[in-house]
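Single-structure report; data block below.
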Amino acid sequence: MHARLRQFVALAVGAVLAACLSFAAPASASTLTPAAADTQVQTPLVVNARWGGHATYDRIVIDLQGYAPSVTVTPVAQLRYDGSGKPVPLAGKYFLEIRLNPAAAHDDAGQSVYHGPKLQKIYLSKLKGLAMTGDYEGYVTFGAAFDTLPYYRAYSLHSPERFIVDIAH
């Protein structure tokens, strides 16, 4: 019973604080004026993908223009192209899907801004292939192929913006 009372009090205090903060904000903060509409943040652009081998790890770098979007790196059984669902022809036993959102590899006119490889066989210690598997409805997706189970660390770096996946040897 005591735990439920504490939870109720915490929720009530949070609601009161949120209400006070909303009244404290100036009216202009909640409305989007035409001038502010012009300064909206553009969707980040994926412009390149590259890789490199190091003494203790292989690295994948995805270069961006704009801010670093949300990224998920997921082990998958097979790589497939977004939209069509066709299998990606990369040899390997293990695969990682790297999905950026919101992101685009094309400009507002539909022209590609991505200058990296679309499908590349790679001969590093762990990394055996990299493919751009999609630029579809606000998602840009890559697939990476490995012969052995990849142990990886994924993170963003800034100035310039880029997303990194390091695969341990």
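The values are calculated or read from the model by the stated rules, or taken from the named source; none is laboratory data. Everything quoted here is computed from the prediction, not taken from an experiment. Cβ coordinates were reconstructed from backbone atoms using ideal geometry, including for glycine residues, and neighbour counts include every protein chain displayed. These area figures cover heavy atoms from the full protein model, side chains too; ligands, DNA and RNA do not enter into them. Shrake-Rupley method; radii C 1.70, N 1.55, O 1.52, S 1.80 Å.
Quick check, is Ser125 small (Gly, Ala, Ser) and in a strand (DSSP E or B)? Give the derivation first.
On the way: small (Gly, Ala, Ser): yes; in a strand (DSSP E or B): no.
Against the criterion (small (Gly, Ala, Ser) and in a strand (DSSP E or B)), Ser125 does not qualify.
Could you check Ser156 against (1) surrounded by 13 or more Cβ atoms within 10 Å (Cβ to Cβ); (2) under 13 Å from Trp51 (Cα atoms) and say which number it fails?
Result: Ser156 fails condition (2) only.
Filter region 60-80 for residues that are in contact with a Gly (Cβ under 7 Å, 6 or more places away or on another chain) and surrounded by fewer than 17 Cβ atoms within 10 Å (Cβ to Cβ) and give the result.
none
Say we look at region 123-138 and pick out the residues that are open to solvent by 10 Å² or more (accessible area, probe 1.4 Å) and in contact (Cβ under 8 Å) with a residue 60 or more places away in the chain; which of these is nearest to Val88 (Cα to Cα)?
Restricting to residues being open to solvent by 10 Å² or more (accessible area, probe 1.4 Å) and in contact (Cβ under 8 Å) with a residue 60 or more places away in the chain, the top hit is Met132.
Tell me yes or no: at least one residue of region 146-161 is in contact with a Gly (Cβ under 9 Å, 6 or more places away or on another chain) and β-branched (Val, Ile, Thr). First the steps, then the outcome.
Taking region 146-161 first, the residues in contact with a Gly (Cβ under 9 Å, 6 or more places away or on another chain) are 146-147, 161.
Adding the requirement that they be β-branched (Val, Ile, Thr) leaves none.
No - not one qualifying residue is present in region 146-161.
Taking only pairs six or more apart or across chains, which ones have beta-carbon atoms under 7 Å, a first residue in region 70-93 that is closer than 14 Å to Leu127 by Cβ, and a second residue that is in a strand (DSSP E or B) and acidic (Asp, Glu)?
Taking only residues 6 or more apart or on different chains, the pairs are Leu79/Glu97.
Counting just the residues of region 111-121 that are open to solvent by 50 Å² or more (accessible area, probe 1.4 Å) and of a type outside the set (Lys, Arg), which one comes out nearest to Asp147 (Cα to Cα)?
It comes out as Gln120.
What do you reckon, is Leu96 assigned to a loop (DSSP other than H, G, I, E, B) and open to solvent by less than 30 Å² (accessible area, probe 1.4 Å)? Talk me through it step by step, then tell me what you get.
Numbers: assigned to a loop (DSSP other than H, G, I, E, B): no; open to solvent by less than 30 Å² (accessible area, probe 1.4 Å): yes.
The answer is no for Leu96.
Could you say whether any residue in region 110-117 is of a type in the set (Ser, Thr, Tyr) and under 13 Å from the mean Cα position of the chain (by Cα)?
no
Can you name the residue in region 45-59 that is part of a strand (DSSP E or B) and open to solvent by 40 Å² or more (accessible area, probe 1.4 Å) and, of all such residues, is farthest from His115 (Cα to Cα)?
Tyr57
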